[in-house]
Amino acid sequence: MQHAAFEGIETITLRPATVEDAPALALTGAATFLEAFTWMLPGPDIVAHTRKHHAVEVYAHYLAEPGSRVTLAVTGPAVGCPDQPGSVVGYVLICAPELPSFPVLPTDVELKRIYLFSRFRSAPVLDAYGRIIANLRPAQALMDAALADARALGGSRLLLGTHAGNSRAIAFYRRNGFREVGTRLFQVGSRQCSDLIFARQL
Ligand SMILES: CC(C)(COP(=O)(O)OP(=O)(O)OC[C@H]1O[C@@H](n2cnc3c(N)ncnc32)[C@H](O)[C@@H]1OP(=O)(O)O)[C@@H](O)C(=O)NCCC(=O)NCCS
């Protein structure tokens with residue numbers, strides 16, 4: 001009902017995820033990861049990595065953790081189904097830091113994942129009343145939700161790791177006040193990769 005004015009336009013609303021969202025989140029997590037990174041790694045490595053890190057149980061675990069929060073980016077209803085819920089096309093996940101080689105502080109929070117299908121990155125974002133929020137892109141809306149959740153969890157600093165070649169994400173993080181503070185090594189399938197670590201105060 002609230003989307004009737006935007007029939008035919010792809011819109012995004014945000015909502016907190018619950019444990020019931022784990023299956024949808026696992027599919028969207030895997031698909032957005034593949035869309036973003038298939039170019040970077042051999043097929044078997046990326047398939048092994050995706051199966052392991054985007055399993056339903058992984059998301060169910062995060063969604064049950066008191067120190068984690070997931071916000072979903074959801075489309076408006078499908079064409080011809082104005083009363084049906086939309087689909088998950090992006091998300092942001094924050095959690096207690098999982099950066100073994102980095103000296104984390106007790107009040108650090110990690111922005112573990114922020115992903116949006118490219119098709120929806122410019123879609124209008126709707127507020128709780130179904131009105132378009134001017135000048136707000138979906139990625140920024142997800143980041144704003146992550147910052148608010150991290151503060152609500154008592155966090156004083158938000159950390160994240162990203163591949164040095166992920167220039168679009170890095171530009172987005174810099175615009176949001178993140179600065180480089182270190183590096184880390186991690187495994188994707190059989191390959192060892194390195195990430196830059198960024199941080200911003202909350
Ligand atoms: C990381 C990610 C969520 C950032 O979202 P995004 O939409 O790309 O980022 P931004 O909102 O900053 O938008 C970037 C583009 O929009 C433009 N833009 C940003 N804010 C704008 C605004 N208010 N109005 C108009 N244009 C804007 C930027 O100039 C840039 O333009 P370009 O498309 O011509 O390059 C998204 O790129 C993504 O899902 N990437 C794949 C997954 C990924 O890498 N995740 C991070 C892993 S660490």
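Read-outs throughout are calculated quantities, based only on the coordinates presented, and are distinct from any laboratory measurement. Fair warning: this is a prediction, and the values are worked out from it, not measured in the lab. All Cβ positions, glycine included, derive from the backbone under ideal geometry; neighbour counts span all protein chains shown.
Checked against the criterion of being out of contact with any helix residue (DSSP H, G or I) (no Cβ under 7 Å at 6 or more places or on another chain), in a helix (DSSP H, G or I) and surrounded by 17 or more Cβ atoms within 10 Å (Cβ to Cβ), region 59-76 has at least one qualifying residue.
Of the candidates PHE186, PHE178, PHE102, PHE117, the single residue that is more than 9 Å from the ligand (Cβ to nearest atom), within 27 Å of PRO44 (Cα to Cα) and among the aromatic types (Phe, Trp, Tyr) is PHE186. Reported count of residues in region 108-146, each being outside any strand (DSSP E or B) and touching an Asp or Glu at 6+ places or on another chain (Cβ under 7 Å), is 5. With respect to the conditions (1) surrounded by fewer than 22 Cβ atoms within 10 Å (Cβ to Cβ); (2) away from the ligand (no atom under 16 Å from the Cβ); (3) closer than 19 Å to THR32 by Cβ, ALA128 lacks only one, and its number is (3).
Please enumerate the residues belonging to region 140-151 that are within 13 Å of the ligand (Cβ to nearest atom) and crowded, with 17+ Cβ neighbours inside 10 Å. Correct list: ALA141, LEU142, MET143, ALA145, ALA146. When residues in region 183-202 are screened for being surrounded by 14 or more Cβ atoms within 10 Å (Cβ to Cβ), within 18 Å of THR107 (Cα to Cα) and of a type outside the set (A, V, I, L, M, F, W, C), 1 of them pass. Scanning region 32-44 for residues that are assigned to a helix (DSSP H, G or I) and more than 11 Å from the ligand (Cβ to nearest atom) turns up GLY43, PRO44.
Of GLY165, GLY154, all but one fail to be within 13 Å of the ligand (Cβ to nearest atom), more than 14 Å from the chain's Cα centre (by Cα) and in contact (Cβ under 8 Å) with a residue 40 or more places away in the chain; the exception is GLY165.
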